[in-house]
């Protein structure tokens with residue numbers, strides 16, 4: 001087997017696994033919040049980061065949706081990094097981001113008990129964004145944009161001032 005044949009087989013397997021994960025994620029995303037105590041909720045990017053610590057640590061907190069998940073790179077063990085994901089900013093809870101931006105984010109899949117799932121295109125999320133440079137952003141944490149999560153994040157932002 002040539003290296004290019006192996007790479008094609010590996011990419012096909014990843015696409016099939018991600019497709020299955022997206023279908024599961026869609027079903028789970030409709031059932032509850034990332035950190036709202038719902039054991040059926042999906043673990044999203046940054047699930048291990050404490051939400052209460054982030055308002056002071058990030059430059060922007062937005063309600064937004066992905067219109068493209070970006071380019072995946074699985075060079076690091078136990079995680080995939082996505083770059084140039086297209087994000088449509090719907091509203092800002094903190095900071096000045098508006099319109100459409102491109103951002104990177106990481107999805108961890110080890111340990112398997114804390115496996116994160118990739119976000120779903122079109123689903124609304126609360127995104128904790130760090131500005132890395134001019135027009136360069138990284139999503140540090142995602143939460144489903146439920147009323148409960150939005151109100152909790154607004155309260156955290158207010159208490160961090």
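The values are calculated or read from the model by the stated rules, or taken from the named source; none is laboratory data. What you see is a predicted model; the values in this text were computed from it and never measured. Ideal geometry is used to build each Cβ from the backbone, glycine not excepted, and the neighbour counts take in all protein chains shown.
Number of residues in segment 69-124 that are surrounded by 14 or more Cβ atoms within 10 Å (Cβ to Cβ) and closer than 14 Å to residue 137 by Cβ equals 19. Taken over segment 133-146, the criterion of being touching a strand residue (DSSP E or B) at 6+ places or on another chain (Cβ under 8 Å) and assigned to a loop (DSSP other than H, G, I, E, B) is satisfied by 135, 145.
For segment 114-132, the criterion of being assigned to a strand (DSSP E or B), over 14 Å from residue 93 (Cβ atoms) and touching a residue at least 24 places away in the same chain (Cβ under 8 Å) is met by at least one residue. The lone criterion from (1) over 20 Å from residue 88 (Cβ atoms); (2) in a loop (DSSP other than H, G, I, E, B); (3) modelled with pLDDT of 95 or more left unmet by residue 154 is number (2).
Checking each residue of segment 89-110 against the condition of being in contact with a helix residue (DSSP H, G or I) (Cβ under 9 Å, 6 or more places away or on another chain), more than 18 Å from residue 53 (Cα to Cα) and in contact (Cβ under 8 Å) with a residue 12 or more places away in the chain gives at least one match. Of the residues making up segment 20-79, those that are part of a helix (DSSP H, G or I) and either at pLDDT 90 or above or closer than 14 Å to residue 153 by Cα (or both) are 51, 52, 53, 54, 55, 56, 57.
Of all residues in segment 62-79, exactly one satisfies the criterion of being farther than 20 Å from residue 112 by Cβ and touching a helix residue (DSSP H, G or I) at 6+ places or on another chain (Cβ under 8 Å), namely 63.
Consider segment 133-158 and keep the residues that are without any contact (Cβ under 8 Å) to a residue 24 or more places away in the chain and farther than 14 Å from residue 101 by Cβ. The one that is surrounded by the most Cβ atoms within 10 Å (Cβ to Cβ) is 155.
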